[in-house]
Amino acid sequence: MEWNNIRLEGHEGWALLTIDRPKVLNALNRETLDELEQALDRVEESGDIRALIITGSGEKAFVAGADIKELREIPSAHEAERLAEKGQALFSRLEELPVPVIMAAGGFALGGGFELALSGDILLASEKARFGLPEVNLGILPGYGGTQRLARLVGKSTAKYYALTGEMIPAEEAYRLGIVQKVVPHEQLLPEAKSLARTLSKQAPVAMNFIKKSINQGAETDLKTGLRLEASHFGTVFNTEDRMEGMDAFLEKRKASFRGK
Ligand code: CAA
């Protein structure tokens, strides 16, 4: 399938998805959201993609937000709400994807771009990355989950500070706040993301899926319910062949070879 705004490259065990509208700093128009949805279908259907990297093309940006030209033409509150729901559903799907998602930000990750970055599992940044929610400067608010995910990650006050001022967060500050897991020299960003994807592609897929579920679902509930969920997922994973393989490999002092079963 040919797409106009994104590229999906398959590698052994993992894939690289690039948002490819460099002339507008990879801004997300509706067509790009639709194509991302189709790419996620492809990833889920493939069965052999065990880790996904998402990045932006060009030197300047990860994604500079929703496409402001398109936003400008939205005629009604109703349509704006529908668009927010569309973006939110896509980003929630990404968050819940059965395989780990590595976001690799090498430049501006603003508005919808920051919201996209916050929907992955691991966020890698180059020293040039800048994160932020500048929607307030346009007279609107973040609509693809930014007020919710950022507040859950860094607390309400810090999220309010950045959403109300629109100030950008440099990569090192984002690391200090726990938004970014690693900051690397700019030219190291993709090599680092690929090396991590290769590592993850060799981990037990079912275990990774349930680790994601346990953390994502648990973060939205009280400790007692979260612990219940964890115990239930722990039990589920004991039904897999991979757990026998993992434990046998340890005891036999060899590397495990996981099959996702
Ligand atoms: N939508 C549409 N076009 C965009 C864009 C966006 N979000 N961001 C950048 N572009 C376009 C610019 O209009 C410009 O196009 P032209 O060459 O045709 O003029 C091109 O990309 C390059 O951008 P700049 O010339 O502005 O580059 P710069 O280096 O001077 O500035 C920037 C970079 C600070 C990121 C600046 O482009 C900028 O502020 N972009 C908008 C960021 C923003 O407000 N994002 C939030 C969007 S709203 C949103 O995302 C809502 C939501 O939550 C869903």
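Inspect all residues belonging to the range 178-189 and state whether any of them is assigned to a helix (DSSP H, G or I), open to solvent by less than 60 Å² (accessible area, probe 1.4 Å) and either hydroxyl-bearing (Ser, Thr, Tyr) or more than 16 Å from Phe114 (Cβ to Cβ) (or both).
yes
Just one of Glu85, Glu81, Glu37, Glu95 is within 24 Å of Val183 (Cβ to Cβ) and open to solvent by 10 Å² or more (accessible area, probe 1.4 Å); which is it?
Going through Glu85, Glu81, Glu37, Glu95 in turn, just one is within 24 Å of Val183 (Cβ to Cβ) and open to solvent by 10 Å² or more (accessible area, probe 1.4 Å): Glu95.
Does the range 119-128 include one or more residues that are over 14 Å from the mean Cα position of the chain (by Cα) and under 20 Å from Leu33 (Cβ atoms)?
Looking through the range 119-128, none of the residues is over 14 Å from the mean Cα position of the chain (by Cα) and under 20 Å from Leu33 (Cβ atoms).
Restricting to the range 120-154, name every residue that is among the aliphatic types (A, V, I, L, M), within 14 Å of the ligand (Cβ to nearest atom) and open to solvent by less than 20 Å² (accessible area, probe 1.4 Å).
Ala129, Leu133, Leu150 - these are the residues of the range 120-154 that are among the aliphatic types (A, V, I, L, M), within 14 Å of the ligand (Cβ to nearest atom) and open to solvent by less than 20 Å² (accessible area, probe 1.4 Å).
Could you go through the range 8-31 and let me know if any residue there is modelled with pLDDT under 95 and closer than 21 Å to Ser126 by Cα.
No, every residue in the range 8-31 fails to be modelled with pLDDT under 95 and closer than 21 Å to Ser126 by Cα.
Among all residue pairs at least 6 apart or on different chains, which show Cβ distances below 8 Å where the first residue, located in the range 18-32, is open to solvent by 40 Å² or more (accessible area, probe 1.4 Å) and the second is part of a loop (DSSP other than H, G, I, E, B) and of a type in the set (A, V, I, L, M)?
Arg21/Ala27; Val24/Ala64; Leu25/Ala64
Considering each residue of the range 60-87, count those that are in contact with a Phe, Trp or Tyr (Cβ under 6 Å, 6 or more places away or on another chain) and outside any strand (DSSP E or B), and give that number.
The qualifying residues number 2.
Output the number of residues of the range 53-65 satisfying the condition of being within 22 Å of Leu83 (Cα to Cα) and either open to solvent by less than 20 Å² (accessible area, probe 1.4 Å) or under 14 Å from the mean Cα position of the chain (by Cα) (or both).
Final tally of qualifying residues: 5.
The values are calculated or read from the model by the stated rules, or taken from the named source; none is laboratory data. This structure is a prediction, so every number in the text was calculated from the model and none was measured. Here the Cβ is made from the backbone with ideal geometry for all residues, glycine too, and neighbour counts use every protein chain on show. Quick note on the areas: whole protein, heavy atoms, side chains included, nothing else; ligands and nucleic acids left out. Shrake-Rupley method; radii C 1.70, N 1.55, O 1.52, S 1.80 Å.
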